[in-house]
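Trainee: Before I ask anything, here is the structure I am working with.
The values are calculated or read from the model by the stated rules, or taken from the named source; none is laboratory data. It should be emphasised that the depicted structure is a prediction, and the values quoted were computed from it without experimental measurement. When we count neighbours, we look across all protein chains shown, and the Cβ atoms used for this are built from the backbone with ideal geometry, even at glycine. All accessible areas refer to the heavy atoms of the entire protein, side chains included, with ligands and DNA or RNA removed. Shrake-Rupley method; radii C 1.70, N 1.55, O 1.52, S 1.80 Å.
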Amino acid sequence: ECDSIEKAIEEIEGIGEKRGTLPFDIDGAVIKVDDFAKREIMGSTAKFPRWAVAFKYPPEEKSTVLREIEITVGRTGVLTPTAVFDPIQLAGTTVSRATLHNQDFINEKQIAIGDTIVVRKAGDIIPEVLSVVNHCGEPTFTLPSVCPSCGAEVMREDGEAAVRCNNSDCPTQLKRRLIHFCSRDAMDIEGMGTAVLETLIKESLVKTAADIFTL
């Protein structure tokens, strides 16, 4: 209980300092007016009480060593780099991967395999690479010039950040397209999961979405 806003702020800062030692995770603290008559006067909006305000602590940040950059091919052919690093504890979970988005993002932060990087969870949910705190001396990572799935040359359109494989027969693109097609958000085909689709593609039984229905 605090009798002034200054003391309330002081208390919030104190909670923030011992945040890491608490037996549970918190991402903020709430100041509430504890006089019920004043609560009535202050009232509420359609969604929030005017007599309470939340303070969000900045996301926890930790450093770790970048061990590898994996390249995945999406259903539209876009190559996405993913950082694989020594596992760290962030916001109550173990994190060892984070997206690096595209080549521009890598160039901006001059990221190389072996660097010590700073990672946080955006909104305490999605891991993201913030910066490099110690460069290992290796050159900045460059996305491959060919698709890691089919070996076709990759291209970057003018004005686009994405590097893309334009091979329509790329097996990974096919798999991603079919997974999306069969997913709950699309055709919602029960029992047609990733493992089944991978087998159908491997056995050359399915090459397009139409082949699923023919089969």
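Trainee: Along its principal axes, what span do the Cα atoms of the range 71-193 show, with the longest given first and each in whole Å?
Mentor: Result for the range 71-193: principal-axis Cα extents of 45, 37, 24 Å.
Trainee: Using a 1.4 Å probe and ignoring any ligands, DNA or RNA, find the accessible area of GLU108 and quote it in Å² to the nearest 10.
Mentor: 140 Å²
Trainee: Along the charge dipole of the range 26-154, pointing to its positive end and built from +1/-1 on Cβ of Lys, Arg, Asp and Glu, which listed residue (VAL119, VAL73, SER44) has its Cα farthest out?
Mentor: So the residue we want is SER44.
Trainee: Rounded to the nearest percent, how much of the accessible area of the range 115-180 (1.4 Å probe, protein heavy atoms only) is carbon and sulfur? Could you put the intermediate results ahead of the total?
Mentor: Working: 1850 of 3720 Å².
With neighbouring chains kept in place, the figure for the range 115-180 is 50 percent.
Trainee: Separate question: Provide the net charge surrounding GLY114, with neighbours chosen by a C-beta distance below 13 Å and charges set as Lys +1, Arg +1, Asp -1, Glu -1. Don't skip to the end; give the middle numbers.
Mentor: Working: positive: ARG67; negative: GLU68, ASP86, ASP115, GLU138.
With Lys, Arg at +1 and Asp, Glu at -1, the neighbours total -3.
Trainee: Taking the simple approach of a point 7 Å from Cα along Cα-to-Cβ for both ASP86 and SER204, what is their distance in nm?
Mentor: Spacing of the two 7 Å Cα→Cβ label points: 4.8 nm.
Trainee: Checking the table LYS18/LYS56; LYS62/LYS121; LYS121/LYS175; LYS18/LYS62; LYS7/LYS32; LYS56/LYS109 against a 19 Å threshold on Cα-Cα, which pairs fail?
Mentor: Beyond 19 Å between Cα atoms: LYS121/LYS175; LYS56/LYS109.
Trainee: Could you go through the range 179-194 in sequence order and give the Karplus-derived ³J(HN,Hα) for each residue, using 6.51 cos²θ - 1.76 cosθ + 1.60 with θ = phi - 60°, rounded to whole Hz, and x for Gly and Pro?
Mentor: Rounded to whole hertz, the list is 4, 5, 4, 8, 5, 4, 7, 10, 7, 6, 8, 5, x, 9, x, 4.
Trainee: So if we plug the beta-carbon distance of GLU13 and PHE36 into 1/(1 + (r/R0)^6) with R0 = 30 Å, what FRET efficiency do we get, rounded to 0.05?
Mentor: Working: r = 27 Å, r/R0 = 0.91.
Using R0 = 30 Å, I get an efficiency of 0.65.
Trainee: What shape does the range 30-87 take by its C-alpha gyration tensor, where a ≥ b ≥ c are the square roots of the eigenvalues and a/c under 1.5 counts as rounded, a/b above b/c as prolate, and the rest as oblate?
Mentor: On the way: a/c = 9.69, a/b = 2.60, b/c = 3.72.
Oblate is the answer for the range 30-87, as a/c is 1.5 or above yet b/c matches or exceeds a/b.
Trainee: Over the chain, with the other protein chains present, what is the accessible area per residue in square angstrom, probe 1.4 angstrom? Write out the running numbers ahead of the final one.
Mentor: Working: 13860 Å² over 215 residues.
Heavy-atom accessible area per residue stands at 64 Å².
Trainee: Separate question: Tell me, what is a quarter of the convex hull surface for the C-alpha atoms of the range 148-211, in nm² with one decimal? Please report the intermediate quantities before stating the final value.
Mentor: On the way: hull surface 21.5 nm².
It is 5.4 nm².
Trainee: Size of the dipole of the range 27-175 about the Cα centre, Lys and Arg at +1 and Asp and Glu at -1 on the beta carbon, nothing else charged, in debye to 20? Spell out each step's value before the answer.
Mentor: Working: 16 positive and 20 negative charges, 133 e Å.
Magnitude of the dipole: close to 640 debye.
Trainee: Sticking with this one: What angle do you read, to the nearest 10 degrees and between 0 and 90, between the alpha-carbon axis of helix 5-17 and the longest principal axis of the chain?
Mentor: 40 degrees
Trainee: Another question, then. Where does each of GLU157, GLU70 land when they are ordered by accessible area, with a 1.4 Å probe and the largest first?
Mentor: GLU157, GLU70
Trainee: Where the centroid of each part is defined by its Cα atoms, how far is the range 132-188 from the range 38-67 in Å?
Mentor: Rounded to whole Å, the Cα centres lie 37 Å apart.
Trainee: Something else now. Which option, (i) 51, 22, 14; (ii) 45, 26, 15; (iii) 30, 19, 18, is the value of semi-axes √(5λ) of the Cα gyration tensor in Å that was calculated from these coordinates?
Mentor: Step by step, semi-axes √(5λ) of the Cα gyration tensor in Å for this structure corresponds to label (ii).
Trainee: What full-extension length gain, to one decimal in nm, is calculated for THR142 and LEU215 as 0.36 nm per residue of separation minus the Cα-Cα distance?
Mentor: Numbers: separation 73, 0.36 × 73 = 26.28 nm, distance 4.13 nm.
The THR142-LEU215 span can extend by a further 22.1 nm.
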